[in-house]
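The values are calculated or read from the model by the stated rules, or taken from the named source; none is laboratory data. Keep in mind the model is a prediction, meaning the values are calculated, not measured. When we count neighbours, we look across all protein chains shown, and the Cβ atoms used for this are built from the backbone with ideal geometry, even at glycine. Side chains are part of the model used for accessible areas, which takes the heavy atoms of the whole protein and leaves out ligands, DNA and RNA. Shrake-Rupley method; radii C 1.70, N 1.55, O 1.52, S 1.80 Å.
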Amino acid sequence: MGGAARRSGQLELAVTGAKGRRGGRRKGAGRKPRPENARRGLVKHRTRPEHHHRHPVHVTLRVARGLPSLRNQTVQELLEGTIDRAKEDGWQVVHYSIQGDHVHLMIEAQDKRALSSGVRRVVIAFARRFNRDVLGRTKGKVWGDRYHRRDLATPREVRNVLVYLFTNAVKHGERGASRFVLDRRSSALGFDGWAGIPAKMMQAFIGTREPWRPPEARTWLLRVGWKKIHGPIVLGDAAKGARGLD
């Protein structure tokens, strides 16, 4: 009898403690909304899809939080040297774009294994040299996430991503960035797919520093396909339909 009374009292307390109702939405519960200026979520750990050697790949590498901006000549020369040394018969970087906290690469690879191995070489070598030459330390986290990958299967996709890379600084509001000015922190100055840029204007963009010369593309899509089907890129073109992690 006494035990039944105690159980009844406990049940009554549980109900009245919930203001007379069970369940329902509680103030402050649930996933918090992400601020507009918050960084994107991490790349999910899923098995990478197979890769066809005919398709160029747009790769995005994002650095860890708290590091200085990557948009300077020291980092640019470091990246160029790293991707030059990482080049192999079945893997190469054809174009790049450096932003404050991430890097875009346009890559060609023989297969999935070569793609993964090549990106790993760049990630490891760049981090080691960035720690030593830029941060003056022997070790420390440089990359904040797995790389994001998108394979490009059509001439339109390739053209859109090229414009996306070369105008990405405009999207991020970098100082002096404009669709009508070639981005010095990218391979835009060595790109041969521009339409109607006079030699004198190109030399003015280049200045005194000899630009990095992209290797000759091996895939039809990146070598001639995009230009043959859709025409060269006009200075001032805006990126359309290109997706990245930024």
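Numbers for the structure displayed
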| item | result |
| --- | --- |
| Cα centroid separation - the stretch 166-197 against the stretch 93-115, whole Å | 17 |
| Area of F191 that stays accessible when all protein chains are in place (1.4 Å probe, Å², to 10) | 10 |
| Neighbour-limited loop hits for trypsin sites (Lys or Arg not before Pro), the stretch 168-220 (at most 12 other Cβ within 10 Å; DSSP other than H, G, I, E, B) | R175, R209 |
| Carbon + sulfur, % of accessible area of the stretch 145-214 - ligands and nucleic acids excluded, 1.4 Å | 52 |
| Solvent accessible area, Å² - H148, 1.4 Å probe, full protein context | 50 |
| Over the stretch 70-164: Rg over Rh, Cα atoms, Kirkwood Rh | 0.97 |
| Relative contact order (%) - criterion: Cα under 8 Å, at least six apart; region: the stretch 87-246 | 27 |
| Relative contact order of the stretch 138-217, defined on C-alpha pairs under 8 angstrom at six or more residues apart (%) | 21 |
| Dimensionless Rg ratio for the stretch 124-188, taking C-alpha atoms and the 2.2 N^0.38 Å reference | 1.46 |
